[in-house]
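These notes are about the structure you will find just below.
Derivation of every value follows stated rules applied to the coordinates shown; laboratory data play no part. What you see is a predicted model; the values in this text were computed from it and never measured. Because the Cβ atoms are built from the backbone with ideal geometry, glycine has one as well, and the counts that use them run over all protein chains shown.
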Amino acid sequence: MKSISRKQAGMLITLFVIAAVSAYFLFQLRPVIEPPFLLVSSPDRDTIMHASTTMLEGRVSAHTDLTINGRRVYGGEDGVFKTEWDLVSGLNRFDFHATNNFGKSSEVFRYILVK
């Protein structure tokens, strides 16, 4: 079996270090490259209700600004948000808009029909 020389071992270690550092920087750049995480857990899609209010709930990435229909909503340290919202008779549209510090954004739409 052929052994590797010191020069080859040094090159392998250098390549490994370069790959590890590159992976670390790519991981750190995710918020710049990717839009923020936005999950709306309530209400469900295309809901029909007979109520005058509803609870809007979900989760966003850390360091993310969230608005619902243009109104700022604040979540906890874990990104969980929960807010009560008044409904009007007929169709209610909710535009959940999350924006991170780098200007990347995510949107989710929900509709509630109040009878």
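Annotations
- Helix-derived mean residue ellipticity, 222 nm - over the chain, DSSP H n ≥ 4, -39500 (n - 2.57), to 500: -7500 deg cm²/dmol
- Here r is the Cβ-Cβ distance between A23 and R45 and R0 is 41 Å; the resulting FRET efficiency, rounded to 0.05, is 0.65.
- Seen against the Cα atoms of the chain and their longest principal axis, helix 6-28 is set at about 10 degrees.
- Charge dipole (the stretch 1-109, unit charges on Cβ, about Cα centre) - positive-most of V32, G75, M11: M11
- Applying 1/(1 + (r/R0)^6) with R0 = 35 Å to the Cβ-Cβ distance of Y74 and S52 gives a FRET efficiency near 0.90.
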